[in-house]
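*Asks:* Got a structure here, written out as structure tokens. Questions coming.
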Amino acid sequence: MAEYVKNTWYPLAWSRDVTGELSRHRILERDVVLYRTAGGKVAAMEDLCPHRLLPLSMGRLKGDAVECGYHGMTFESGGRCVRVPGQSGPVPDIRVTTYPTHENMGLVWIWTGDRELADPDLVFDLPEYHSAAWNVAEGDALRIEADYLSLADNLCDPAHVNFVHLSTLGNEAGEDVPVSTELRGDDLVTWRWINDAPAIPLFAKYGNFTGNVDRWHYYHYLAPSIAVIDFGSLDTGNVNPEDHRDEGMRIFACHFITPVDAHTSIDHWLHVKNFPADEATNKALSDEFRIAFAEDKAILEAIQINELAHPDRRKARIAIDRAPIRMRRMVKQWIDKDVPPQQAPRVLDKVNA
Amino acid sequence: MAEYVKNTWYPLAWSRDVTGELSRHRILERDVVLYRTAGGKVAAMEDLCPHRLLPLSMGRLKGDAVECGYHGMTFESGGRCVRVPGQSGPVPDIRVTTYPTHENMGLVWIWTGDRELADPDLVFDLPEYHSAAWNVAEGDALRIEADYLSLADNLCDPAHVNFVHLSTLGNEAGEDVPVSTELRGDDLVTWRWINDAPAIPLFAKYGNFTGNVDRWHYYHYLAPSIAVIDFGSLDTGNVNPEDHRDEGMRIFACHFITPVDAHTSIDHWLHVKNFPADEATNKALSDEFRIAFAEDKAILEAIQINELAHPDRRKARIAIDRAPIRMRRMVKQWIDKDVPPQQAPRVLDKVNA
Amino acid sequence: MAEYVKNTWYPLAWSRDVTGELSRHRILERDVVLYRTAGGKVAAMEDLCPHRLLPLSMGRLKGDAVECGYHGMTFESGGRCVRVPGQSGPVPDIRVTTYPTHENMGLVWIWTGDRELADPDLVFDLPEYHSAAWNVAEGDALRIEADYLSLADNLCDPAHVNFVHLSTLGNEAGEDVPVSTELRGDDLVTWRWINDAPAIPLFAKYGNFTGNVDRWHYYHYLAPSIAVIDFGSLDTGNVNPEDHRDEGMRIFACHFITPVDAHTSIDHWLHVKNFPADEATNKALSDEFRIAFAEDKAILEAIQINELAHPDRRKARIAIDRAPIRMRRMVKQWIDKDVPPQQAPRVLDKVNA
């Protein structure tokens, strides 16, 4: 049994996938049925009929209420039973657990903790996502058979790019550039610059660079489920390249993690970028990311298999582990103290100022 | 480990499938090899060679004896070893467990309890099965990943038809008609009438009803493995429609359950009906039943997954649970007291007289 | 958890499959990565990066060193870490376990016991393998879901051939000929002759026998992983057929077992024979063996399933069990006393002299 931060908003599903049909999801070891009410809100219930334990998602939507597919017990979107077919007398006081939801950045966020603490203003937001100057392309819901902290390790770790993503996001330049890490409020930032080096395959393909570039990777991690990677490249030669990022090609690669259970996570990813792209280019870019994230998935799944096979094997620690170690300590504190982390909207631009 | 009634006849396989070849089956957590002897009897043995534990069904039939496929040890149909190849001296006293069998209603029934109690006269029989006025169509052996009591719940439960089988056996009429239940000897009968309503899809398709019908469902359950559903429709308008069932379209849908193990059952189903049908119509009717029973299978399997995932979850009880609760209490008593239930041949017609 | 002889050479992979690419193998419940160095030696390491437990086989070969596919930690073929990208200062003292290897008879042999005892002169060898008068055909690496001792039972057991391999290696003649068994040094020999009988299908197909033949099977077992079956046929009529084996068709069928884990073995098989054969005939012969060994695999896997399902079931013992019982006692002694068995090169010809 894994441990999870209790009182926080978690991403659960793409808004585009939640319609007037019942859909089944899983988060923090519980099944959840989602649907969109006539009024356009997202309803979320435990996906379990209290009568015989059939998933409610195998039933039918009747107006805004869910009818169980076995005997027709019906629950309104607030979770209260409103009908027991074939039974006379008042409807018994039977309830299904419901969960607050909120939509932002193309995703449905869910709160499974204490209901009175569920403040929609705390849902994470990236201002650039809404700006006309920036361009958004939604990605996939990538299922990974790895626990969420192992995926989070990967998202606090610029150093793996050189070795894992050689065909897309990395090249051999800068393998030995050390990474820096710093906690800014509740934003764990891990970064490095690789300067005066050839562009990585992705930017070589979509950019107009004629010579070497300065390349940055800022990994922002907001525990337990949000990672935004500010990365890009610009022509080499600036004294303070950090201040010139917006003049280069810049991408915020967002990863919103659903901890499904102790061994499974879902990575909802999208990118927000400062250069225009038509639909075909966006699709091509997403395909590059698909290749890269499938590489991460293969590695994280192989590691989980070995971790389960070697539960007592001590791991060697090296310099690049500083950020993941700090990340895990942060998460553990939030779990132990039950203090909700602050994931509220923020500007990530100046993190290394 | 599930619990089972010990001294009773269980259905194990279709007679049509037991030939002069060895076939492997499983019931009550034990493997059984079946074959038909030259004299036409069905032999049943534990499917396990006492030498190296190879399934005997991987061997060969030599006359009426089974030769193990590894070293040729040979057992006559009574279970006694009659040959050990390559070994001199008298054949050692090695035995395989055998089981009494009896054939009726197209099925091989097996007795795995105390051998001296195995009375073939106790095997269930439905007289209409043998009557020239009735028409029999054998169905399948439907494997369901659900324990036999969960399948039995479903077979004491007319109320689910409205919600599970809308395309075949049910419609929305009568959702709120309560069900009645009564124990008649050892026959647990659960029934309801839905009167003056449109015919269900099945009867609308194969009957000649021009107006509304009176529809009945009598679920007869004879623990632990026999369920016969007497259902049908006739033109509405009779004062005592119950007495006029034979004037309508009437079907005895029989379900003979093999409890395979704690999590698996096999439903051998067939129907006996009072209206003639050519082969094509019988096949079409069976296909309708296949759709309906696949719907039950999907629900029962989803429930079992959730029951295993939520072992401590208390279930809400509603009016239609009376029959299943009574059924489970009956089975438990038979198990606890080791009293064989009476499943002998019977006329089910007058159950509600 | 199975038990294994510790200090012995085990076959692990075909030499033909170990190249300048990393390949993943498993033996004695541990994962091993193999590759061939520039100098042509076979390097073997535990397939587990000490940093995050990624299999090293998912990385890359850099010269003779292995670079982990996640963060580029690099280990030379002796197991020592030689690089930690992005980390300044001396390379930390981090090591991967390595294993001695030796190649013979087309196979890579590995030693996972005490390194100082790993004497390549102890690797098994069959002189005929190297003789110009004999003809070698390599087979497959057959994965069997059975523990290695169950496979070894099968390889101390001429009697099963009559019942398991009727289409290839056996026929019904001689079913009742008893087998003899004898321990010669550390070679457990189990044999029988079936004289003046029709040729088995394999020899009927590839030999020129016009009448009955004398057929021999000598099963040599050198614990825990080597079995050589000297079998063949010659025209019937010799007084001492044993001395005339080389005048008939003679095959040394070699089985080199990799104990993968408690439930899985790999049988590396090849044949060495005294009659010439072109490539097509060798392929045809190997296909016959494939059929036969697939029959063994089916039986051994079915037995393992039943052994796991019936852990307390006592097995009946019969005459042909003498060799397997002795074999298991030998292996147990080697395990308990940790005495390395002698598998060194040997002439198997005169075993029954």
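The values are calculated or read from the model by the stated rules, or taken from the named source; none is laboratory data. Worth saying up front: this structure is predicted, and the values here are computed from it rather than measured. Cβ placement follows ideal geometry from the backbone for every residue including glycine, while neighbour counts extend to all protein chains displayed.
*Asks:* Within segment B:93-119, track down each residue that is in contact (Cβ under 8 Å) with a residue 24 or more places away in the chain and assigned to a helix (DSSP H, G or I).
*Replies:* Result: B:LEU117, single match.
*Asks:* Quick one: in segment C:144-175, which of the residues that are of a type in the set (D, E, K, R) and outside any helix (DSSP H, G or I) is nearest to the other protein chains (Cβ to nearest Cβ)?
*Replies:* Ranking the qualifying residues of segment C:144-175, first place goes to C:GLU175.
*Asks:* Just for segment C:248-281: of the residues that are out of contact with any Asp or Glu (no Cβ under 9 Å at 6 or more places or on another chain) and either among the polar types (S, T, N, Q) or under 13 Å from C:LEU151 (Cβ atoms) (or both), which one is surrounded by the most Cβ atoms within 10 Å (Cβ to Cβ)?
*Replies:* Result: C:ILE266.
*Asks:* For segment B:128-146, enumerate the residues that are over 13 Å from the mean Cα position of the chain (by Cα) and closer than 14 Å to B:GLU301 by Cβ.
*Replies:* B:GLU145, B:ALA146
*Asks:* A follow-up question, please. Could you tell me whether segment A:106-117 includes any residue that is out of contact with any Ser or Thr (no Cβ under 9 Å at 6 or more places or on another chain) and among the small types (Gly, Ala, Ser)?
*Replies:* Scanning segment A:106-117 turns up no residue that is out of contact with any Ser or Thr (no Cβ under 9 Å at 6 or more places or on another chain) and among the small types (Gly, Ala, Ser).
*Asks:* Right, next: For segment A:156-201: of the residues being among the aliphatic types (A, V, I, L, M) and over 22 Å from the mean Cα position of the chain (by Cα), which is surrounded by the fewest Cβ atoms within 10 Å (Cβ to Cβ)?
*Replies:* By that ranking, first place goes to A:LEU166.
*Asks:* Which numbered condition in (1) β-branched (Val, Ile, Thr); (2) at pLDDT 95 or above; (3) over 23 Å from C:ALA277 (Cα atoms) is the only one that C:VAL239 fails?
*Replies:* Result: C:VAL239 fails condition (2) only.
*Asks:* Next up: Touching a residue at least 24 places away in the same chain (Cβ under 8 Å), under 19 Å from B:TRP269 (Cα atoms) and not acidic (Asp, Glu), is that true of B:THR181?
*Replies:* Considered against the rule, which asks whether it is touching a residue at least 24 places away in the same chain (Cβ under 8 Å), under 19 Å from B:TRP269 (Cα atoms) and not acidic (Asp, Glu), B:THR181 comes out as no.
*Asks:* Further question on the same structure: Would you mind telling me which numbered condition in (1) in a loop (DSSP other than H, G, I, E, B); (2) within 19 Å of A:ARG317 (Cβ to Cβ); (3) more than 14 Å from chain C (Cβ to nearest Cβ) A:PRO178 fails?
*Replies:* Condition (3) is where A:PRO178 drops out.
*Asks:* Just to be sure before I move on: is C:GLY86 among the small types (Gly, Ala, Ser), away from chain A (no Cβ under 14 Å), more than 30 Å from C:GLU288 (Cα to Cα) and not in a strand (DSSP E or B) in the structure I sent?
*Replies:* So C:GLY86 does not fit the description; no.
A quick yes/no check of all residues on (1) under 25 Å from A:ALA323 (Cα atoms); (2) touching a helix residue (DSSP H, G or I) at 6+ places or on another chain (Cβ under 7 Å); (3) in a loop (DSSP other than H, G, I, E, B):
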site: C:HIS25; (1), (2), (3): no, no, no
site: C:VAL33; (1), (2), (3): no, yes, no
site: C:ALA38; (1), (2), (3): no, no, yes
site: C:ALA44; (1), (2), (3): no, no, no
site: C:PRO50; (1), (2), (3): yes, no, yes
site: C:VAL82; (1), (2), (3): yes, no, no
site: C:VAL91; (1), (2), (3): yes, no, yes
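*Asks:* Still on this structure: Can you report the number of residues in segment B:89-135 which are away from chain C (no Cβ under 14 Å) and either loosely packed, with under 13 Cβ neighbours inside 10 Å or among the basic types (Lys, Arg) (or both)?
*Replies:* 7
*Asks:* Something else about it: Kindly evaluate B:THR74 against the criterion of being under 16 Å from the mean Cα position of the chain (by Cα) and crowded, with 17+ Cβ neighbours inside 10 Å.
*Replies:* no
*Asks:* If A:GLY174 meets every condition in (1) touching a strand residue (DSSP E or B) at 6+ places or on another chain (Cβ under 7 Å); (2) modelled with pLDDT under 90; (3) within 18 Å of A:LEU285 (Cα to Cα) apart from one, which number is that one?
*Replies:* In the conditions (1) touching a strand residue (DSSP E or B) at 6+ places or on another chain (Cβ under 7 Å); (2) modelled with pLDDT under 90; (3) within 18 Å of A:LEU285 (Cα to Cα), A:GLY174 misses (3) alone.
*Asks:* For residues that are within 14 Å of another protein chain (Cβ to nearest Cβ) and touching a strand residue (DSSP E or B) at 6+ places or on another chain (Cβ under 6 Å), scanning just segment B:282-309, find the one that is surrounded by the fewest Cβ atoms within 10 Å (Cβ to Cβ).
*Replies:* B:LYS297
*Asks:* How about segment A:59-70: which of its residues are without any contact (Cβ under 8 Å) to a residue 24 or more places away in the chain and outside any strand (DSSP E or B)?
*Replies:* Within segment A:59-70, A:CYS68, A:GLY69, A:TYR70 meet the criteria.
*Asks:* Filter segment C:301-322 down to the residues that are β-branched (Val, Ile, Thr) and over 24 Å from the mean Cα position of the chain (by Cα) and list them by number.
*Replies:* C:ILE318
*Asks:* Using beta carbons and a limit of 6 Å, which pairs, at least six apart or on different chains, have the first residue in segment C:317-331 and closer than 15 Å to C:TYR219 by Cβ and the second one of a type in the set (Gly, Ala, Ser)?
*Replies:* Pairs that qualify, where the first residue is closer than 15 Å to C:TYR219 by Cβ and the partner is of a type in the set (Gly, Ala, Ser), are C:ILE320/B:GLY86; C:ILE320/C:ALA159; C:MET327/C:ALA152; C:MET330/C:ALA223.
*Asks:* Which one is modelled with the highest pLDDT, of the residues in segment A:177-211 that are of a type in the set (Asp, Glu) and farther than 24 Å from C:GLY72 by Cβ?
*Replies:* A:ASP187
*Asks:* Let me ask something else. With B:VAL108, B:VAL82 as the choices, which residue is at pLDDT 95 or above, closer than 21 Å to B:ASP121 by Cα and not assigned by TED's automatic domain parsing to the domain that holds B:HIS255?
*Replies:* Testing whether each residue is at pLDDT 95 or above, closer than 21 Å to B:ASP121 by Cα and not assigned by TED's automatic domain parsing to the domain that holds B:HIS255 leaves just B:VAL108.
*Asks:* Could you tell me whether any residue of segment A:277-296 is over 30 Å from C:MET73 (Cα atoms) and assigned to a loop (DSSP other than H, G, I, E, B)?
*Replies:* Yes: segment A:277-296 contains one or more residues that are over 30 Å from C:MET73 (Cα atoms) and assigned to a loop (DSSP other than H, G, I, E, B).
*Asks:* Which one of these is within 27 Å of the chain's Cα centre (by Cα) and over 30 Å from A:GLU3 (Cβ atoms): A:GLY86, A:GLY63, A:GLY40?
*Replies:* The conditions single out A:GLY40.
*Asks:* Considering every residue within segment B:225-237, establish whether at least one is over 22 Å from B:TRP134 (Cβ atoms), over 27 Å from the mean Cα position of the chain (by Cα) and surrounded by fewer than 21 Cβ atoms within 10 Å (Cβ to Cβ).
*Replies:* yes
*Asks:* Restricted to segment C:229-269, and to residues that are of a type in the set (Val, Ile, Thr) and out of contact with any helix residue (DSSP H, G or I) (no Cβ under 6 Å at 6 or more places or on another chain), which residue is nearest to C:GLY207 (Cα to Cα)?
*Replies:* C:ILE251
*Asks:* I've got another one for you. Being facing chain A (nearest Cβ under 7 Å) and β-branched (Val, Ile, Thr) is the filter here, so list the residues in segment B:310-333 that pass it.
*Replies:* Passing the criteria: B:ILE318, B:ILE320.
*Asks:* I need a count of the residues in segment A:13-48 that are crowded, with 16+ Cβ neighbours inside 10 Å and of a type outside the set (Ser, Thr, Tyr).
*Replies:* Within segment A:13-48, residues that are crowded, with 16+ Cβ neighbours inside 10 Å and of a type outside the set (Ser, Thr, Tyr) number 21.
*Asks:* Residue check: is A:ASP267 away from chain C (no Cβ under 14 Å) and touching a Leu at 6+ places or on another chain (Cβ under 6 Å)?
*Replies:* yes
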